[in-house]
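Shown next, in structure tokens, is the structure this report addresses.
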Amino acid sequence: MCRRFGDSLLAWRAVASDPDFQAVLGAARGGEGWALAELYRALYPRIVRYLRVVEPTEAEDLASDTWLDLAHGLERFRGDEAGLRAFAFTIAQRRLLDLRRRRSRRRTEPRELRGLIQGAPIGDVEEEALSSLGTDWAITLITSSLTAEQADVVLLRVIGDLDVEAVAKIIGKRPGTVRVLHHRALRRLARILHREGVTR
Amino acid sequence: MTDWNDLPEEMRKLQLDPGTIDRLLAGEVEPDDAPPGYSEVARVLQAVAWARHGDELAHEGSHIAVAMELVKKGTPASTSSDRRSRKMSRIHRLKVGGLVVVGALVGSTGLAAAGVLPDAAQDAVSNVFDRVGITIPASGDHPATSGDEVSGIATTTDATGVDKGAEISSAASGGMSQAGQHGAGAAESGAEGADAAPVPIPNEGGTGTADTASGGASDAGTTTADTESDGHSSEGSGNASVEPPVPDVAAVPTAHAP
């Protein structure tokens, strides 16, 4: 598994092998602070990043709730580190859906999520692409040029570091559908970047 | 939007296999090593993976503390409680399901015995009970076999009055009707009632009847009416005496004296 995405992944090296992970998990279930901290550093930044992209205004609250749900559910969890990551993102996804359901019941005005990304250079992709390939720009490119499903799949796979099966369970689709979605997403990104003249 | 076919040949030939896609999404493909047309895609995906604001762990202390509290005191108790609750819930569901099934069986059997189920259901229940020796009317066993038959009886029978009504009713209900079997017939009843009244039958006249029925109290009225009508009221009495009214015993089964 690739370990070069983000400093937070260094935390996973401590729990990389399954016996080590199971030891950390067991200690975390027993309420050991150091073990919970290991899991927190490995999981929480990814969850926050994902939620900041898909629900910027409520990301912190959703992430906190997700973490507490995860801590509460540790006793019931059985699996490896990838399974725990999928478990965490499943909780995050459910929290996200709950929030959107509550919001729809309150009949608030729907807002365009893609427009809420701070500093998003929407509408000027070419100029931004030529000047910077920063994180915000990359996220904006994905969220503004792909369909919601395609963007969700790509973000879960890249930010969540989840495999196809885990993403399929989280979004409630079949693995084959997930593969089709991210295949189309990458081709679409390639087309856009080529058209905008940033392809070498 | 530019169609895929409008892109250069180099792009059109570009096909990504699943393995390459997985490596791109996992950040294992450096931009320079990416397939043609995908170097910038690889760069974008790496940028997304590095999406950090540096403040993700700002609340680590408080989050860990709350998690420790949750894990230490909340989880085991709630877990066993949840298990117990789930177990009880299963038992409860089974009980309710059993009651529903029993209720449906008893209810449908009763309705079948009464013969009021829809034809298809009635036939099905009837067949089932026939096999175990219990007779339940089938849908074709309706007491009134046809309107024509009942109508035929009504128009051809020699019976009259109560007897005719009883015969028709009996035919229409398949013998279940008890019309005309209890109590006296209307004529009989009327006769009894007439006997009870202190007037002769047949009645001989309005004034006389009123006089007799009132025990002579109607004299004043008769006289008054006679006076007020200059003797015309006696005409009516006279007419009545000539053609005495026939009491409508069928319409008034029992006569009650005032």
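In square angstrom and rounded to 100, what buried accessible area do you get between chains B and A, total over both, with the probe at 1.4 Å?
5100
First select every other residue whose beta carbon is under 14 angstrom from the beta carbon of A:Arg184; then total the charges, Lys and Arg +1, Asp and Glu -1.
Here the count lands on +4.
Evaluate E = 1/(1 + (r/R0)^6) for B:Asp33 and B:Asp119, where r is the Cβ-Cβ distance and R0 equals 56 Å; express this FRET efficiency to the nearest 0.05.
Given R0 = 56 Å and the Cβ-Cβ separation, E is 0.15.
Please give the peptides A:46-59, B:152-165 ranked by average Cβ packing (other Cβ atoms within 10 Å per residue), highest first, as a rough proxy for protection.
A:46-59, B:152-165
If r is the Cβ-Cβ distance from B:Lys72 to A:Gln22 and R0 is 22 Å, what FRET efficiency results, to the nearest 0.05?
0.65
Once you put a point 7 Å from the Cα of A:Thr177 and another 7 Å from the Cα of B:Asp130, both along the Cβ direction, what distance in nm separates them?
Taking the simple label geometry, A:Thr177 and B:Asp130 are separated by 5.1 nm.
Report the gain in length on full extension from A:Glu196 to A:Arg105: 0.36 nm times residue separation, minus Cα-Cα distance, nm rounded to one decimal.
Full-extension gain reported as 28.7 nm.
How well do other chains shield peptide A:181-190, expressed as the mean number of their Cβ atoms within 10 Å of each residue Cβ?
6
At 1.4 Å probe radius, can you tell me the per residue accessible area of segment A:9-105 in Å²?
Counting only protein heavy atoms, the per-residue value for segment A:9-105 is 39 Å².
Rounded to two decimals, what is the ratio between the C-alpha radius of gyration of segment A:9-105 and 2.2 N^0.38 Å?
So segment A:9-105 has a normalised radius of gyration of 1.10.
Roughly how many nanometres apart are two label points built 7 Å out from the Cα toward the Cβ at B:Asp163 and A:Arg76?
Using points 7 Å along Cα→Cβ, the separation is 8.3 nm.
Once label points are set 7 Å from the Cα along Cα→Cβ at both A:Glu32 and A:Glu60, what is their separation, rounded to one decimal in nm?
My value for the distance between the label points is 3.2 nm.
From other protein chains only, count the Cβ atoms within 10 Å of every residue's Cβ in A:142-155, then give the mean.
Mean shielding by partner chains, rounded to a whole number: 1.
The values are calculated or read from the model by the stated rules, or taken from the named source; none is laboratory data. Keep in mind it's a predicted model, so treat the numbers as computed, not measured. Quick reminder, even Gly has a Cβ in these numbers, built from the backbone with ideal geometry, and neighbours come from all protein chains shown. Areas reflect the complete protein model, heavy atoms only, side chains present, ligands, DNA and RNA absent. Shrake-Rupley method; radii C 1.70, N 1.55, O 1.52, S 1.80 Å.
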